[in-house]
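Undergrad: Sharing a structure here in structure tokens format.
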Amino acid sequence: MQVLSTLAILPSVALAAVLPAALQSGTKVAKRDSWGGSVSLGPTKSDIINAVTTLIPGTAPATQNGELFLWPGMSNGTGDLIQTTMESWPSNAWCGAATGQWCVRASIFGSFGQLDGTGSAVSGDDHVRIEYNLLSDDNTWVQTVTNAVTGAALSNYSYASGPYMTGYGTGTECDSDCTGTVAAQVYLNTTITLREADTTFGDTIATGAGATYTGLSSSDGGKVWTIATINIPAMGSETAVASSTSAATAHSTPVETAVVEVEEPSTVATAVATSYASASAAFGNDADAASSASPSGQRSGHAFGGAPKPSQSVGAAPSGAFGQGFGSGPRPSNAAPSGA
């Protein structure tokens, strides 16, 4: 099944330049995508060298109609998207999850498609610590996922994505008419460390679809930024969903450490503005398509940003708006996740 989707859900001033639309599949299948609440920071005048948060995901839906993903993501807007994902599929047996549990794995999306670490089952009340760290080679990012209470290792992945990550944000991604979140998410002690101080980084914070935050602060002269809590409401809340009846992002079946090529550049993007007084609510992007083969049965991208920009200009976002695109590619129709 070939599908695509681009949707902006994390409003932030000028962040369209940081996290632009990813490559998309050119064949459209009408679907309904929904997006839960979000909080974002960026772009920074410096760049990010470490980011850590602890996510309490809430209970996963008991049954799943599509695919549901929770993630904190980080990108420079023209390269890879680093994103550890909490995942809910029609069957989560591939990671050993029981009803109401999530599968979690470190993951990265880019022009190459999607690459993943191993998956583990986590419960709704687990405290999942997710850290992204740039090594001393100034090129390799290490994702480390652990249980914050017990210290148990859950997933990890390393990849040479390069420096200059400038934006960080949360995502609640509901694809293929999925069953949305049934419980709130809480991110604790989200801490972003910059290479150099940026005293204005906090001014870029923005929220969407009912999300809230508390305790934004900085230390070390503006080099370290912390958000005490990020609260993402369940998608059943009227204010907690941003929807698009355009097309669904194609997440392929979960296959650990699988990679797939995306097929064509994006054709549509929508932006949501934080301050509607001075901004349009949406804007469009267009680019030519350029095909490449995608191995059948492998997992493709689910992401904002996370791939090189199309060669054509995608246009400027309205002031106060944040443009976000989502990677896509083929997945077998009605295929069950591996191991299910």
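We did not get these values from a lab; they are worked out from the coordinates using the rules stated. Every value quoted in this text rests on a predicted model; they were computed, and no experiment measured them. Note that we place each Cβ from the backbone using ideal geometry, even for glycine, and neighbour counts take in every protein chain shown.
Undergrad: Among 131, 196, 67, which comes first, second and so on when ranked by fewest other beta-carbon atoms within 10 Å?
TA: So the ranking, lowest neighbour count to highest, is 196, 131, 67.
Undergrad: Still on this model: For the pair residue 138/residue 196, report the inter-label distance in nm, with labels modelled 7 Å from Cα in the Cβ direction.
TA: Taking the simple label geometry, residue 138 and residue 196 are separated by 1.2 nm.
Undergrad: Still on this structure, please answer the following. Once you have the Cα-Cα distance between residue 188 and residue 231, take 0.36 nm times their residue separation minus that, and quote the gain in nm to one decimal.
TA: 14.6 nm
Undergrad: Still on this structure, please answer the following. Please report 105, 195, 129 as a ranked list, fewest other C-beta atoms within 10 angstrom at the top and most at the bottom.
TA: The fewest-first ordering by Cβ neighbours comes to 195, 129, 105.
Undergrad: Another one. Multiply the residue gap between residue 212 and residue 91 by 0.36 nm, knock off their C-alpha separation, and tell me the result in nm, one decimal place.
TA: 40.5 nm
Undergrad: Then there's this: For the pair residue 78 and residue 152, what calculated FRET efficiency results from E = 1/(1 + (r/R0)^6), where r is the Cβ-Cβ distance and R0 = 30 Å, to the nearest 0.05?
TA: 0.25
Undergrad: Using a simple spin-label model with points 7 Å from Cα along the Cα→Cβ vector, what separation in nm is obtained for residue 99 and residue 118?
TA: Here the modelled spin labels are 2.8 nm apart.
Undergrad: If I take R0 = 30 Å and measure r between the Cβ atoms of residue 125 and residue 220 in this structure, what FRET efficiency does the formula 1/(1 + (r/R0)^6) give, to the nearest 0.05?
TA: Details: r = 33 Å, r/R0 = 1.09.
E(calc), rounded to 0.05, equals 0.35.
Undergrad: What ranking do 52, 145 get, fewest neighbouring Cβ atoms within 10 angstrom at the top? Could you put the intermediate results ahead of the total?
TA: Details: 52 17, 145 27.
Fewest-to-most ranking of 52, 145: 52, 145.
Undergrad: Quickly rank 146-154, 165-173, 54-62 as a protection proxy: mean count of other C-beta atoms within 10 Å, highest first.
TA: 165-173, 54-62, 146-154
Undergrad: Taking amide H positions as placed 1.01 Å from N in the peptide plane, with prolines and chain starts having none, which residues 5 or more places from residue 47, or on another chain, fall under 5 Å of its amide H?
TA: Amide H neighbours of residue 47, under 5 Å, 5+ apart: 195, 196.
Undergrad: Further, regarding this structure: Percent relative contact order of the range 52-180, based on C-alpha pairs within less than 8 angstrom and at least six residues apart?
TA: 33
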